[in-house]
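Below is one structure; the comments refer to it alone.
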Amino acid sequence: MEIELVEIRDFVSQHHPFDELSIDLLNELTGMLEARYLRRGDVFPPRDNKASYLYMVRSGAIELHDDRNQFMGRLGEGDLYTRQCQLTGSDYSSRHTALEDSLLYQLSCENLKALCARDQEFCHYFEANPGERMRLAATYAAANTDIDVSGMTIEIGELVKRAPIILDVGVSIRQTAQAMTEENVSSIMLARDGELAGILTDRDLRRRCVAAGVDFDRPVTDIMTSNLLTMRSDDLVLNALMTMTRSHINHIPVVDDGHVVGMLTASDLTRNSSANPAYMNTEIRRAASVDELKMILQRLPELQLLLANSGISARHIGETISSITDVLTTRLIELAQADLGPEPVPFVWVCGGSQARHEQSSHSDQDNAMIISDQASEQHMPYFAELAKRVCDGLDACGFIYCPGDAMAMNEQWRQTQSVWRGYFREWIEQPEPMALMLSCIFFDLRPVHGDFSLHKELQNMILELTEKNSVFIAHMVSNALKHRPPIGFFRTFVLIHDGEHDNTFDLKHRGIVPITDIARVLALAEGVGRVNTSERLKAIAGTRSMSPEMSENLLDALEFIASLRLRHQADQIRNGVDSDNFLPPDILSSLERKHLKDAFEVIKDAQEALGGRYKLS
C-alpha cells in the first residue's frame, strides 16, 4: 500500500466506528475514500456531488444548521457526517457551511452499505436514531460480567411450575383453609365466572379471620384480597421481586391474557437465588435494632456492584435500591414506634429526591419529610419530632447520610401539618423565588412511604391543579431547569472540571442525569402528570403539547445510557475499595462509549434548547 494511503488508513482507524474494522476491511475502506476540499463559506455537503456520501473531517471545521437555519453545532477533526448514508432512506435537506478551509474524506453510501453487510457491529453505528445507538451501547456494556445473577433475569414462567389451585368464590373460609391444608400451599386463588377475583393467604387467615374473630363458615369473599396485582409469565423475576418489595406482598398471581398460569411466591424467589435483594429486604423486616440494620445495609454497595455487573438496566437498579430504602425507612418507623407508641393522629412519611423517583443508588443522601393530619395539636408535635429524629438518625447510621441542605423530617420546617404544607406549596407556586425553585427539586417529587397515604394524595392533587394553570411558575421552573447544561462544547468535545480533587472529569449526575430529571419534572407539572419517576414522566408527556414522542424516546435512551455509565463507574470504585462518586474521567471510556455519551449529551442539549425556545428563554 502506498505511503499516502497508509497515512490515511492510520488516521481513519483512530476514529469510531472505523476502529472496529479488521485490518483487511480497513485497507479496502482506504481505497474507497475520496479526498474533497472546501473553501471557507462553501456549502456542505458539496452541491456538485451527484451521489450520497458519508463525510469525515480531516482538517478544518463545518458549521451545521437545521432547515430553519438555526445553528446546530460544528464538526471538527475526526467527526463524521452520516445523514446521507443512514440506513433508513430518509431525505435530509439541511444545508451547512464550511467555517474555514477544510479537507474531507468522503465514502459513497453504496460502499458503506457493502462494508456494513460484512460487519454487523460496524453497521450498528449507522442506525438512524441516536437513541438506538445508545440502547445498543448500554446493552453491550452491561453484557460484560463475571458475576452470575442470571436467576434475577429469567422469566417468571421458569419458576412457576405447579398448576394453579383455584376455588370458586362461593366457598366458605373453612373450605378454603381446608383446601390450602390439603394442597400444602400458603395461598389460594378464587375465581368468579371463570375469571380471577381474589386470593387468600395464610396471613389473611390469621389477620382477617382468626385475630378478628370472624366465623369460619362466612363466605371467603369477606376476607379475601380482591384488589390484585398480577404479572405475566414473560415478566422478569427481578420485576416480580421489586413489585413484592414495593407493595409489601409475598404472593403474585401470574396471568397471561386472562388465563391464570399459577402463583409466584416470595419463597419461589428465595429458592431461585441467594444473590438478590429479597434476602436483604427479609433481613431488614426482621431486624430488631438499628445496629442490626446497620450491619445489613453495609452490604448495599456490594449489592449495587452485583446489579451493575448483571446486565440489569440502570432504571431497574434504581428501583431496587429505592425499594430497599423504603423497607428500611418503614422498619425504622416501626422500631421507633415500638418505644414511642402509635401515632396520636394520622401522618405520612414521604421521601423526596432520587428515592422518591425510584432512581436511588447506594451513594445517596436522604431527603424526606412528614405530613401530619390537621387533627394534630401542639401537644402531639413532640411525639413526631422524636419519631423523625430516630428515623433520620437511623438512615444516616445505615449509610444514607443527612441531607446537606437539611431537607429532612427532623427539621421542624419539613415536619408540619397538611394545612401548613398546603401553604408552602401555594406560596412556592404563586411566588416562585429562587429558594422555592431550589426546593422544588426535592419537594415536587414527594412520594409516600409509610402512614396515611391519603394525606399526600390530597396535597399532590392541589399541587397539580395549581401548577398546570400557572404559566409564570412553569416559566421560572424552565429557567431553573436550564441551569445544568451537558458538558459538551461546540466541537463535540467534553467540557471538563479543572480542580485538584476532580481534575479532568465531568459530573455525570449534575451535568447528565439532573438536566433530564429537571426537564421531565417541569413538563410533568405543566401537563398535570402526577408521576414522579423520570422515565414514567417522559413516557406520560410523550405526544403532548410539551414533548414529541421522538424527543421523549431519545431522552429515555440518554437517561438509561448515562445512568448505566454512572453505575458502572461507581461499581468500579466499590470494587477497588474507593468511596463512590459521580465524577467520571472520559479517558477511561472506549471510543465507542465516548461517541454514545456525546450523542446523549447532544440529545439533552437539543431538549433544553427546545424547552428554552418554547418559553422564550436563553
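Tabulated values for the structure
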quantity: Restricting segment 204-251 to residues that are in a helix (DSSP H, G or I) and hydroxyl-bearing (S, T, Y), the residue that is nearest to the chain's Cα centre (by Cα); calculated: T243
quantity: Where a residue in segment 1-14 is hydroxyl-bearing (S, T, Y) and its partner, wherever it lies, is surrounded by 12 or more Cβ atoms within 10 Å (Cβ to Cβ) and assigned to a loop (DSSP other than H, G, I, E, B), with Cβ under 8 Å and at least six apart; calculated: S13/L21
quantity: Residue in segment 359-371 that is assigned to a helix (DSSP H, G or I), assigned by TED's automatic domain parsing to the domain that holds S564 and modelled with pLDDT under 95 present; calculated: no
quantity: Selection status of S362, in contact with a helix residue (DSSP H, G or I) (Cβ under 7 Å, 6 or more places away or on another chain) and closer than 26 Å to Q573 by Cα; calculated: yes
quantity: Within segment 456-505, tally of residues that are among the β-branched types (V, I, T), outside any loop (DSSP other than H, G, I, E, B) and surrounded by fewer than 17 Cβ atoms within 10 Å (Cβ to Cβ); calculated: 2
quantity: Candidates G73, G89 - the one that is at pLDDT below 85 and either aromatic (F, W, Y) or in a strand (DSSP E or B) (or both); calculated: G73
quantity: Residue in segment 331-340 that is in contact with a strand residue (DSSP E or B) (Cβ under 7 Å, 6 or more places away or on another chain) and in a helix (DSSP H, G or I) present; calculated: yes
quantity: Condition broken by A558, with the remaining ones in (1) touching a residue at least 12 places away in the same chain (Cβ under 8 Å); (2) out of contact with any helix residue (DSSP H, G or I) (no Cβ under 7 Å at 6 or more places or on another chain) satisfied; calculated: (2)
quantity: Lone qualifier among S548, S535 - being surrounded by fewer than 21 Cβ atoms within 10 Å (Cβ to Cβ), modelled with pLDDT of 90 or more and among the polar types (S, T, N, Q); calculated: S548
quantity: Test set (1) modelled with pLDDT of 90 or more; (2) closer than 29 Å to G489 by Cβ - M32 fails condition number; calculated: (2)
quantity: Pairs with Cβ under 8 Å, 6+ apart, first in segment 255-278 and under 20 Å from I165 (Cβ atoms) and at pLDDT 85 or above, second among the charged types (D, E, K, R) and in a loop (DSSP other than H, G, I, E, B); calculated: V255/R232; D256/R232; D256/D234; G262/K161; G262/R162; M263/R162
quantity: The one condition in (1) over 21 Å from Y125 (Cβ atoms); (2) part of a helix (DSSP H, G or I); (3) among the β-branched types (V, I, T) that I604 fails to fulfil; calculated: (1)
quantity: Where R566 falls short, out of the listed (1) of a type in the set (K, R); (2) surrounded by fewer than 22 Cβ atoms within 10 Å (Cβ to Cβ); (3) touching a residue at least 60 places away in the same chain (Cβ under 8 Å); calculated: (2)
quantity: Number of the exception - I519 against (1) surrounded by 19 or more Cβ atoms within 10 Å (Cβ to Cβ); (2) in a helix (DSSP H, G or I); (3) out of contact with any strand residue (DSSP E or B) (no Cβ under 9 Å at 6 or more places or on another chain); calculated: (3)
quantity: L559 vs. criteria at pLDDT 90 or above, aliphatic (A, V, I, L, M), closer than 22 Å to F494 by Cα and not in a strand (DSSP E or B); calculated: yes
quantity: Of the criteria (1) among the hydrophobic types (A, V, I, L, M, F, W, C); (2) more than 25 Å from H363 (Cα to Cα); (3) touching a residue at least 12 places away in the same chain (Cβ under 8 Å), which one A542 fails; calculated: (3)
quantity: Residue list for segment 506-516, filter: of a type outside the set (F, W, Y) and in a strand (DSSP E or B); calculated: D507
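Let's see how each residue does on (1) farther than 28 Å from T221 by Cα; (2) at pLDDT 90 or above; (3) under 40 Å from the mean Cα position of the chain (by Cα); (4) of a type in the set (D, E):
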position: D146; (1), (2), (3), (4): yes, no, yes, yes
position: K161; (1), (2), (3), (4): no, no, yes, no
position: I166; (1), (2), (3), (4): no, yes, yes, no
position: I173; (1), (2), (3), (4): no, yes, no, no
position: I188; (1), (2), (3), (4): no, yes, yes, no
position: G194; (1), (2), (3), (4): no, no, yes, no
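One line per residue, one yes/no per condition, for (1) touching a helix residue (DSSP H, G or I) at 6+ places or on another chain (Cβ under 6 Å); (2) at positive phi; (3) in contact (Cβ under 8 Å) with a residue 40 or more places away in the chain:
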position	(1), (2), (3)
C398	yes, no, yes
I401	no, no, no
P404	no, no, no
Q413	no, no, no
Q418	yes, no, yes
F425	yes, no, yes
C441	no, no, yes
R447	yes, no, yes
L464	no, no, yes
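Listed here are the residues, each with its yes/no results for (1) assigned by TED's automatic domain parsing to the domain that holds T320; (2) of a type outside the set (S, T, Y); (3) over 28 Å from E283 (Cα atoms).
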position: S187; (1), (2), (3): no, no, no
position: A197; (1), (2), (3): no, yes, yes
position: N227; (1), (2), (3): no, yes, no
position: D235; (1), (2), (3): no, yes, no
position: N239; (1), (2), (3): no, yes, no
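The values are calculated or read from the model by the stated rules, or taken from the named source; none is laboratory data. Values in this document were obtained by computation on a predicted structure and should not be read as measured data. Neighbour counts run over all protein chains shown; Cβ positions are idealised from the backbone, glycine included.
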